[in-house]
Amino acid sequence: MGEVSSVRVLEGAERGFATTRLDALLNWAKKYSLFQYPFVTACCAMEFMGLASPRFDVARFGAEAPRFSPRQADLLWVVGTVSQRQAPVLRRIYEQMADPKYVLAFGTCASCGGFYDNYTTLPGIDKVVPVDVYVPGCPPRPEGVIDGLLLLQDKIARGDRTPGIVKPRSDVALAGADSLVQLGKKERA
Amino acid sequence: MSQKVLELLKAQFGSKILETSSQFGDDTAVVEPSAWREVAQFLRDDSRCAMNMFTDITAVDYPDRDPRFEVVCHLRSFDKGHRIRMKARIGDEYADGLEIASLVPVWEGANWFERECYDMFGVRFVGHPDLRRILMYEEFKGHPLRKDYPAQQTQPLVQYREGVLDKLAPFGADEGMPFGRQTHDISRNEEAN
């Protein structure tokens, strides 16, 4: 794994020169120029602001430029709860992004639905779009998000494009009608 | 606090006020459903009531009762400083006959509240100008705040991705990512040692 992104500076020659592989160089360039599309829906936005503002300053990691058009972005931050009603919007925004594109699930709700275990909430955005990094927390500390961003940069540097997957809670809609709670006689025979 | 209003209602409508109660400063009148708008109009227009603020309208599902549903409306008077709660009991156990007059002609602000009530409980407000779902989507089947709707039953608008439903974390060797960052050039670290 380490050799994939190795950059080797050879000393001794008069001016010095570096050798590397082209894909390693490209990945190195990609990971420090993430243009982000913030899909911000809920209270995690407060921590997202903390992340972007000077104290934590995500600009240090080359991901400071938000692009409010998905066509110009390559990192989709999904920050907050996504409802079933929003799921088609999220899918469409993801599809509008140009390759290479990455998705970061910011916080517990985006990762797995959080405590919204009900009829209205999408149980994790990975049900509709592939997710590269999950950052847990309700909301996550900016340090946690920076750690997630570095994980993503590491993944980009390795050239690893496989999405992560989290198992959902059992969904009665998918498990079949037998698993539904029947409350009395509410259907006419 | 506003028991005077209850007395006024009883004097004005008689047997159409099914029962009244006062507890902890909250005064409640249970109204015959057919007199719903009439009572509301009186509460707004009568100078002794002057209910000029519509606070809320919602419903409650009591699965064991008959009628099964209770529509609850909260009103307040800025001028008089009193408030009142009025209820109407409608609908049988199959949620048939779940109809009541809309209060939009009386208080404009009732519009979206009644849409929400329709969305969540399926109460049809007769005379509402635009009775559509407001929180859930058009494709949603059923009314989620009824007690016989399973609370966790989702109705996804988009097909879930394949393969996400039967995999457990930690992931297999071929997917996800190993925990923790890796040094980008291991070999150079070794050289340094």
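Points to keep in mind about this one:
- Here is the interface size for A with B: some 4400 Å² of accessible area buried, both sides summed, with a 1.4 Å probe.
- Test item: A:117-130 mean partner chain Cβ contacts at 10 Å: 5
- Greater than 20 Å apart at Cα, pairs in B:Lys4/B:Lys80; A:Lys31/A:Lys127; A:Lys30/A:Lys101; B:Lys4/B:Lys87; A:Lys30/A:Lys155; A:Lys127/B:Lys147: A:Lys31/A:Lys127; A:Lys127/B:Lys147
- Accessible area of A:Asp74 in the full protein assembly, 1.4 Å probe (Å², nearest 10): 40 Å²
- For A:Phe35, the amide hydrogen comes within under 5 Å of the amide hydrogens of A:Asp74, A:Leu75, counting only partners 5 or more places away or on other chains and with H modelled in the peptide plane.
- Simple label model, 7 Å out from Cα along Cβ direction - B:Ile134 to B:Asp66, nm: 3.3 nm
- Region A:41-156: antiparallel DSSP beta bridges as a percent of all, rounded to 5: 10 percent
- Rg in Å to one decimal, and Dmax rounded to a whole Å, for region A:43-155 via C-alpha atoms: 13.4, 40
- Among B:54-62, B:92-100, sorting by the average number of other beta carbon atoms lying within 10 angstrom of each residue, highest first, gives B:54-62, B:92-100.
- Pairwise FRET efficiency - B:Tyr94 versus A:Arg92, Cβ, R0 = 41 Å, nearest 0.05: 0.55
- When all alpha carbon pairs of region B:9-64 are counted in 10 Å bins from zero, the resulting P(r) reads 19, 52, 26, 3 %.
The values are calculated or read from the model by the stated rules, or taken from the named source; none is laboratory data. Remember, it's a predicted structure, so these values are computed and weren't measured experimentally. Cβ atoms come from the backbone with ideal geometry, glycine included; neighbour counts cover every protein chain shown. Just the protein is used for accessible areas: all its heavy atoms, side chains included, with ligands, DNA and RNA removed. Shrake-Rupley method; radii C 1.70, N 1.55, O 1.52, S 1.80 Å.
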